[in-house]
1. Within segment A:605-617, is there a residue that is within 11 Å of chain B (Cβ to nearest Cβ), part of a helix (DSSP H, G or I) and over 19 Å from residue A:414 (Cα atoms)?
2. Given the criterion at pLDDT 85 or above, surrounded by 12 or more Cβ atoms within 10 Å (Cβ to Cβ) and within 58 Å of the chain's Cα centre (by Cα), identify the matching residue among A:549, A:535, A:542.
3. Out of the residues in segment A:141-171 meeting the condition of being in a loop (DSSP other than H, G, I, E, B) and within 14 Å of another protein chain (Cβ to nearest Cβ), tell me which one is surrounded by the most Cβ atoms within 10 Å (Cβ to Cβ).
4. Tell me, please, whether a residue that is within 25 Å of residue A:32 (Cβ to Cβ), in contact with a helix residue (DSSP H, G or I) (Cβ under 8 Å, 6 or more places away or on another chain), free of Cβ contacts under 8 Å to residues at least 60 places away in the same chain and assigned to a strand (DSSP E or B) can be found in segment B:151-174.
5. Filter segment B:62-97 down to the residues that are within 13 Å of another protein chain (Cβ to nearest Cβ) and out of contact with any strand residue (DSSP E or B) (no Cβ under 9 Å at 6 or more places or on another chain), then identify the one that is farthest from residue B:120 (Cα to Cα).
6. Would you mind stating whether residue A:182 is surrounded by fewer than 20 Cβ atoms within 10 Å (Cβ to Cβ) and within 14 Å of another protein chain (Cβ to nearest Cβ)?
7. Being part of a loop (DSSP other than H, G, I, E, B), within 17 Å of residue A:287 (Cβ to Cβ) and in contact with a helix residue (DSSP H, G or I) (Cβ under 6 Å, 6 or more places away or on another chain) is the filter here; which residues of segment A:245-258 pass it?
8. Which residues, taken from segment A:188-238, are within 37 Å of the chain's Cα centre (by Cα), outside any helix (DSSP H, G or I) and away from chain B (no Cβ under 13 Å)?
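The values are calculated or read from the model by the stated rules, or taken from the named source; none is laboratory data. Computed from a prediction, not measured in an experiment: that's the story for all the values here. Don't worry about glycine lacking a Cβ; one is built from the backbone with ideal geometry, like all the others, and counts go over all protein chains shown.
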């Protein structure tokens, strides 16, 4: 996805996360957790996960609090994930639903973007014309840029003056729009018109900090480089040199700028100055066109300095560099197979995560494949890494990048599904074990009669409650008295019985019955004193027993319910089986798609390497021709001056 | 014979540069319908698998989910978060700049998904980072929740209190 489209999409997502207009770079947390989670994965570059979370949330029920934005976001993620048709239909579905103006404008903007990227400029212009004034600032700026691009594609080349109307709404994207207008003018042959645009682009102030500054600096490097070459075309070497000098050395365009700077210097015969950037370039990867050019430019500069020996040495070195590169190409062609390509693609990790091994990071940090040309630096990296890096450099070429990204996406999906495949086996085992365990427990419970125990306890409780009711009804104070009182009452009762049986016995005191009645009265009084409290305690205990029995009944019921709902496990197993079948089928399809995509990419890579080889073969022919010419000149000079033939310089390869 | 080195690549490189400058704004559409359909199917399958996994491993009656959000996050630069449930560490995270950026832009991170028995539980979160004065800053937030048979969803939120120019750390329970 292009830088502009990415920026625009980010703007959409940023817009989607704020309910009200907020200053740039400040965002509030999403109001819906699942929507926020999807946003989080999106910003981490994990598009499949972002989409899965969003789809999952939508299957659970509508996301609340964000109006149409989750659907717009879903469409945006489809766009970012290389599903333009799906994105188009999702954006189109947002129209004609009584949607707010901001939603309508956003949908129209992205439809215009999609049509533009598909090359349907008329349709893109129609969508762009439907956009009102409700776009967010960032999107409005991107829309202004899109209008400039449509203007370039559909209109005649325009001067800076004529383009003012279309340029006036632009803010952050102004420099990029000016660069593209300049390039369009240059392509049409209007070099001075292009230079006006370039100058206007360079006069746009750079942002103070942040990602926008990096972006602006990259555009500035492109502008300076393109302007430098336009000056070279006009033979304005001093201006060209000045433009190239301002390109940052760590930029992607440094190679082209170094080459151009050398040309500018060489054009007014300052060959020592020309040699400085060219010698630096010579140490970089021959995959880069600017580096290839130094194979001839460096020795040519020595020739201009009347240093034929140095020129010969430089040609010989070029020959050596070419031989090494040929060997590398041959090696790559021989070793290029499915396995190595897969390893190369997985080397970078998931999209957006940019996982690279430390060695590769260190090498990349040095810029422009420096290690490839300098074998002395290979002590920092093993041959395999270097080899892999060569492949990575190839895959980064524009012609291959999209194909490689497509394959990388498929590989990522395959990796995810393989992961699920093994997890589903584990889940199946888990559900099966659960079912078996449940069956065992069910049998054990059945055998122990555990679920019936609460019924027996309930019966006992009923007896207790009945007894308590009787005690209360009969005011049986002794029934609730403490153990001592009850024991004393029992002894008095036994004594009274004995006394009654011994009536008339002279040994029994006359007042025995009277005393026993007195004792009985004392005991009754004591029991009556504590009766109310004991009755309250008994009722409380009964209530606690009721609660415990209620819980027991509820738990028994729950267990019984669980035991009787065995089909839930069956349903899960059925779903598992269905998903396993789908996973298996999708893996088969993915494997086939990966196979086809790999074959296509391998074919393109081989073609690219062969074309690269052919280009270098042309350079080699010229290098050898120049070497022969130098020998010829030396031979003729020697013949003319001395009868003795000169000995040509012995050059070590 | 005077060697004459032609600037043979000059024009070619210039044209290449011109093309390069427009690549950023317009890429050719690569219509790979079969791949797109396959991607779509796999995404839908992935959604169904996620649903099943959650139902199997984290049934609603025992499920607890903890999310983290930043709103707006100007007074606190988050470095790390730890989450404890009943004094038991269940989740910890060290944040990368990319994760922080995702949170600052409105993203919400699912920090923890697990199971919890019904009843009262203490959830604690410990935040480490750089505070408003550029000094190391550590804060904790804690809440006692009652886990019922419904899924328990908590959001740890770091909110800017603009009045105090300080961050506020909060744990919010979501009613689903």
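1. yes
2. A:549
3. Ranking the qualifying residues of segment A:141-171, first place goes to A:170.
4. yes
5. B:97
6. No, not satisfied.
7. Within segment A:245-258, just A:253 meets the criteria.
8. Matches in segment A:188-238: A:203, A:204, A:205, A:206, A:207, A:208, A:209.
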